[in-house]
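Report on the structure given below.
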Amino acid sequence: MHQPTTEPRPSIYFDYKIHQPWLPTQHAQDKRQQVAVVGAGPAGLVTALKLAQQGVSCVVLNAELQVSQGSRAIVFTRRSMEILQQVGVADRIAQNGLAWRFGNSFYRGERVFRMEAPHDANDRFPPMTNIQQQFLEEYLLDACNAEPLIELRWGNKVESFTQDDDRVLVEVDTPEGPYTLETEWLVAADGGRSGIRSAMGLQMEGASYEGLFVIADIRIDLPLPTERLAFFDPAWNPGNTILMHREPLGIWRIDYQLPRGETPEQALQPESLRERIDAQLAMIGYAGTPWEMDWSSVYSARALTLPDYVHGRVLFTGDAAHLLPIFGVRGANTAFQDAQSLGWHLASVVKGLADQSLLKNYSAERVGAAREIIEEAGKSTRFMTPPSHGFKLLRDAVLSLSLTQEFVRPLYHWRTSRPHEYSNSSLNSTDDDTARFKAGPAHGAPPRDVQISDNDHLLDHLGSGFNLLYATDSGELPSSLAECIARLRARGVPLKVLAVGANAPVHGADESIADTQGRLRAAYGLSQQGCAYLLRPDQHVCARWLTLDAPRLQAAFDNALAQ
């Protein structure tokens, strides 16, 4: 029998809650589930919430009885916050997290590069927000508990599974013994050491780097701003790299690279941790400042992905699908985009709006995103931890020249995670007017948020399904367009129609955005009556027209649902 620990994880700032295990004898015999999600980390929970928004139920299986140990992912990008806004937790993160936009690189005691992430009045969220992963998971769990279509099963460990053409049979162990779960679809969100991936014998593609890093979270009072700090080739750790981030509640994250040949066991010895952390504090001018250890771990930089995220009725997402270097805050931020994409693709299949071929698009788009990230992250990783003597020579030359030569300093840029654009997606409309637009997000791009008025942004108005932005100053939609929309909804297609530019309600539209200052129309190139955008449920653009009519809208939906 599976016996997860009932002792709360140790922490000096987070109160771990022990959840009651889900036991089969306390529940009626299981019916066939629509979806089972394995793993209650960020990827699994966001997937569950996105499925629920589309009207699809799921069970979430988690082997432990509490959220993950340690701060883990701590930096969340603006796009991640926009995704988390969709599932109802962004406000709590913003209230309790630390916003920032500057990153600093130091060499031999001098700041040689300062990164500034773009930010303007249209952005509701800052470029980056720091908060420990335990809090994020707690907020997501609260959202799941408030959703009747999601059932959380704590202390449920997947032991094995089999699949056929229409179901997956999952053998689950619990503190009182095993049971069999039948589900139409199984989502593997069980992390970097995915048991499901291992059981299927799936191999990732990419590169693993030799450099090892220690993560150490300490509580310390440092009068420093919330900015990323990177130190290259410091005297106390020659040839290596150190990163520092401020976290909420007086916690600081210190990541430092280990000398070659040192094992993780050696690195995590208390005396080794204290010696290195004291040396880092001394180097930045805070020698002798008291500090307290909360959590430490060791990681290696890996840039790997499965070549396919769909294997029959088993779907992969998050770290179970790919392992990405943390440089550039790519791990959890990529997982949110995975989950957002998987949620609507899978829900469309479960509800019969599309056949299983639509899931091939999920895999193609997200594998493409992972490979793009791996290419970008590889550049940062090779700079942080050179994989060969040749790369080290190049990196050291940049370090040396940066003291006097301005032109090499941008090479320190850590290529921050950015949302992928599905420019070549098979779901993009083939007969729209995208090439004729002079402004606005193009095919496959995520939405561009716009501040319509004080405390009112475009993303506040988008629904969880498809969204049609339609420029009009008329009192009603054209009748043929309204009839097409009604037919789509009668099929069960989730669609919200936003009339842009009308000062009064528009018959046939769900909501009207007056856009009195013209910001939205200018940002999206909505230059005339009848201009329109179609956004998929993950908010990426799949069609845009200078003049929209019913046949073109129907064709765009047929294409977006792989009909």
Can you list residue pairs whose Cβ atoms sit under 6 Å apart, with the first residue in segment 197-209 being on the phi > 0 side of the Ramachandran plot and the second being of a type in the set (A, V, I, L, M) and surrounded by 17 or more Cβ atoms within 10 Å (Cβ to Cβ)? Count only pairs 6 or more apart in sequence or on different chains. Gly206/Ala303; Gly206/Leu304; Gly206/Ile374
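Would you list the strands (runs of 3 or more DSSP E) that sit entirely within segment 446-563 and hold 2 or more residues that are without any contact (Cβ under 8 Å) to a residue 40 or more places away in the chain and surrounded by fewer than 23 Cβ atoms within 10 Å (Cβ to Cβ)?
On the way: elements: 451-453, 466-471, 495-500, 511-513, 532-535, 541-545.
Strands (runs of 3 or more DSSP E) meeting the threshold: 495-500.
Provide a single number: the residues in segment 43-72 that are surrounded by fewer than 24 Cβ atoms within 10 Å (Cβ to Cβ) and in contact with an Asp or Glu (Cβ under 6 Å, 6 or more places away or on another chain). Before the answer, list the steps.
Kept after step one, since they are surrounded by fewer than 24 Cβ atoms within 10 Å (Cβ to Cβ), are these residues of segment 43-72: 52-57, 59, 63-70, 72.
Next cut, in contact with an Asp or Glu (Cβ under 6 Å, 6 or more places away or on another chain) only: 52, 59, 67.
Counting residues in segment 43-72 that are surrounded by fewer than 24 Cβ atoms within 10 Å (Cβ to Cβ) and in contact with an Asp or Glu (Cβ under 6 Å, 6 or more places away or on another chain) gives 3.
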Going through segment 1-44 in order, the residues found to be under 25 Å from Gly177 (Cα atoms) and of a type in the set (A, V, I, L, M) are Met1, Ile18, Leu23, Ala28, Val35, Ala36, Val37, Val38, Ala40
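Does Ser80 satisfy the condition of being among the hydroxyl-bearing types (Ser, Thr, Tyr), buried (at least 24 other Cβ atoms within 10 Å of the Cβ) and closer than 22 Å to His245 by Cα?
Working: among the hydroxyl-bearing types (Ser, Thr, Tyr): yes; buried (at least 24 other Cβ atoms within 10 Å of the Cβ): yes; closer than 22 Å to His245 by Cα: yes.
It is true that Ser80 is among the hydroxyl-bearing types (Ser, Thr, Tyr), buried (at least 24 other Cβ atoms within 10 Å of the Cβ) and closer than 22 Å to His245 by Cα.
So that you can scan it fast, the table gives a plain yes or no per residue for (1) crowded, with 24+ Cβ neighbours inside 10 Å; (2) over 15 Å from Ala189 (Cα atoms):
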residue	(1), (2)
Val310	no, no
Thr334	yes, no
Ala347	yes, yes
Gly352	no, yes
Gln356	no, yes
Val367	no, yes
Among the listed residues Arg246, Arg219, Arg253, which satisfies the condition of being at pLDDT 95 or above, within 19 Å of Arg101 (Cα to Cα), in contact with an Asp or Glu (Cβ under 7 Å, 6 or more places away or on another chain) and basic (Lys, Arg)? Arg253
Somewhere in segment 239-248, is a residue touching a residue at least 24 places away in the same chain (Cβ under 8 Å), surrounded by fewer than 16 Cβ atoms within 10 Å (Cβ to Cβ) and closer than 26 Å to Asp319 by Cα? no
The lone exception for Pro223 - which of (1) of a type outside the set (S, T, N, Q); (2) out of contact with any Ser or Thr (no Cβ under 6 Å at 6 or more places or on another chain); (3) surrounded by fewer than 21 Cβ atoms within 10 Å (Cβ to Cβ); (4) touching a residue at least 12 places away in the same chain (Cβ under 8 Å) it fails: (4)
Selection status of Ala73, small (Gly, Ala, Ser) and touching a Gly at 6+ places or on another chain (Cβ under 7 Å): yes
Cβ-Cβ under 6 Å, sequence separation 6+ or interchain: first residue in segment 1-23 and in a loop (DSSP other than H, G, I, E, B), partner among the small types (Gly, Ala, Ser). Which pairs? Met1/Gly177; Pro4/Gly155; Pro21/Gly155
Could you check, for segment 170-181, whether at least one of its residues is outside the structural domain of Arg246 (by TED's automatic domain parsing), within 30 Å of Gln86 (Cβ to Cβ) and either not β-branched (Val, Ile, Thr) or not in a strand (DSSP E or B) (or both)? yes
Say whether the condition of being of a type in the set (Ser, Thr, Tyr) and within 19 Å of Ala73 (Cβ to Cβ) is met by at least one residue in segment 166-186. no
For segment 211-316, please list each of the strands (runs of 3 or more DSSP E) lying entirely inside it that holds at least 3 residues being over 26 Å from Pro127 (Cβ atoms). 292-305, 314-316
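Being among the hydroxyl-bearing types (Ser, Thr, Tyr) and at pLDDT 95 or above: is that true of Ser453 here? Walk me through how you get there before you give the answer.
Values: among the hydroxyl-bearing types (Ser, Thr, Tyr): yes; at pLDDT 95 or above: no.
No: the conditions fail for Ser453.
Determine, yes or no, whether Ser527 is farther than 30 Å from Ala339 by Cβ and out of contact with any Gly (no Cβ under 9 Å at 6 or more places or on another chain). First the steps, then the outcome.
Details: farther than 30 Å from Ala339 by Cβ: yes; out of contact with any Gly (no Cβ under 9 Å at 6 or more places or on another chain): yes.
Spelling it out, Ser527 is indeed farther than 30 Å from Ala339 by Cβ and out of contact with any Gly (no Cβ under 9 Å at 6 or more places or on another chain).
The values are calculated or read from the model by the stated rules, or taken from the named source; none is laboratory data. The shown structure was predicted, so the numbers you read here are calculated from the model rather than taken from an experiment. Every residue, glycine as well, gets a Cβ built from its backbone with ideal geometry; the counts of neighbours run over all protein chains shown.
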